[in-house]
1. The chain: longest stretch without exposed GluC sites (Glu not before Pro) (DSSP loop, at most 10 other Cβ within 10 Å), sites themselves excluded?
2. Could you work out how far apart the two model spin labels at residue 37 and residue 23 are, taking each label as a point 7 Å from the Cα in the direction of the beta carbon, and quote it in nm?
3. Could you work out the helix-only [θ] at 222 nm for the chain, with each DSSP H run of four or more residues adding -39,500 (n - 2.57) and the total divided by the number of residues, to the nearest 500 deg cm²/dmol?
4. Grab the alpha carbons of the chain, take their convex hull, and tell me the volume per residue in Å³.
Amino acid sequence: MTEWTTKDIIQWQEDTFPDATLEAQIEKFADERSEYIKGRRDMIELADMYIVACSIARWDMVQAARAFAEVHRQLQAHDHRQHFQEFVRKKMNINKTRNWQKIGGKYQHTEDNNGER
């Protein structure tokens, strides 16, 4: 299994979303946080937040630190937090296989082979 370090995630994002912006990633983080809060507060959604926080680090370490702190705060409520890296790995492996397109100024993935969106 591939381990996804912060550096690896940033590199994947630079390759996959070359014209992404800090502002768009801050907005994406807010969207992912909202999904996490409104949803089941599951670890895969929290992994999404972490992945976007890595992207924010491409431009602004202060903003990234705030995002990582929010992920850490939410992570403290989970019984399985020691397995968080496994959820990040799972989500990044999914993301890597997805087809991405820019729609309305935002990148979105198209439907996956297994029907996940």
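Readers should treat all values here as calculations from the given coordinates under stated rules, not as data from a laboratory. These numbers were taken from a predicted model, which means no experiment stands behind them. FYI the Cβ positions are ideal-geometry reconstructions off the backbone, even for glycines, and counts take in every protein chain you see.
1. Values: sites that count: 3, 111, 116.
Result for the longest clean stretch: 4-110.
2. So the two model labels end up 2.3 nm from each other.
3. Working: 5 runs with 71 residues, N = 117.
Estimated from H runs of four or more residues: -19500 deg cm²/dmol.
4. Numbers: hull volume 12.8 nm³, N = 117.
Spelled out: Cα convex hull of the chain, divided by residues, is 109 Å³.
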